[in-house]
Amino acid sequence: MKNIDFMKEAIKEAKKAFDIGEVPVGAVIVKDGNIIARAHNLKETSKNAIHHAEILVIEEASKVLDSWRLTDCEMYVTLEPCPMCAGAIINSRIKKLYIGTTDDIMGACGTALNLLENYKFNHIVQVEKYILKDECSKLIEDFFENLRRGKKNNG
């Protein structure tokens, strides 16, 4: 699979979130060319502020690998991670992060701030942005447009 294919899988996860009324963010973790974990936002569903796609996918990958160290893994996420998620990505030692679209308000991977390239940290995550940007952006835009119009985001 190629980077675009892995991001398409993250987009499938984001669509699951959209369908249940969650902010449509999806993520997958890849090791040795295979997806080992998938997740999407569940913050509203679980009533838990930390249930972002990135946190949940790290948790799942850690279970699969029986380790908190994800050093040989890459993450694909549809929306630029917030500070909490960027911190978890650093702490889990993810090797590379692929981002679909940026987040002007909460993006902590180069947009609002940049935690991933803070050279004081003991781990630096490589970042590549704008993988399927238009498709990832449209999901977010459609979700919030529906909210403004009072429409439910479910299918």
- In the stretch 23-48, anything open to solvent by less than 70 Å² (accessible area, probe 1.4 Å) and without any contact (Cβ under 8 Å) to a residue 40 or more places away in the chain is listed as 33, 35, 36, 37, 39, 40, 41, 42, 46, 48
- Query: Any residue at all in the stretch 117-134 that is among the charged types (D, E, K, R), touching a residue at least 60 places away in the same chain (Cβ under 8 Å) and open to solvent by 50 Å² or more (accessible area, probe 1.4 Å)?
  - Reply: yes
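When the residues of the stretch 16-41 are narrowed to those that are outside any helix (DSSP H, G or I) and among the acidic types (Asp, Glu), which ends up nearest to residue 139 (Cα to Cα)? So that I can check it myself, show each step before the final result.
If we filter the stretch 16-41 for residues that are outside any helix (DSSP H, G or I), which is where we start, we get 20-41.
Now narrow it down to the ones that are among the acidic types (Asp, Glu): 22, 32.
Values: 22: 11, 32: 29 Å.
Among those residues, the one meeting the criterion is 22.
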- Could you please find all residues in the stretch 47-64 being out of contact with any helix residue (DSSP H, G or I) (no Cβ under 9 Å at 6 or more places or on another chain), farther than 10 Å from residue 37 by Cα and not basic (Lys, Arg)? 48
- Message: For the list (1) more than 19 Å from residue 76 (Cβ to Cβ); (2) without any contact (Cβ under 8 Å) to a residue 24 or more places away in the chain; (3) open to solvent by 60 Å² or more (accessible area, probe 1.4 Å), I need the number of the one condition that residue 138 fails.
- Response: (1)
- Checking residue 59 against (1) among the acidic types (Asp, Glu); (2) open to solvent by 50 Å² or more (accessible area, probe 1.4 Å); (3) over 17 Å from residue 127 (Cα atoms); (4) touching a residue at least 24 places away in the same chain (Cβ under 8 Å), which test does it fail? (4)
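The values are calculated or read from the model by the stated rules, or taken from the named source; none is laboratory data. Predicted model, so just to flag it, every value in this text is computed and none were measured. We place every Cβ from the backbone using ideal geometry, glycine too, and count neighbours over all the protein chains shown. With ligands, DNA and RNA removed, areas are computed over all heavy atoms of the protein, side chains included. Shrake-Rupley method; radii C 1.70, N 1.55, O 1.52, S 1.80 Å.
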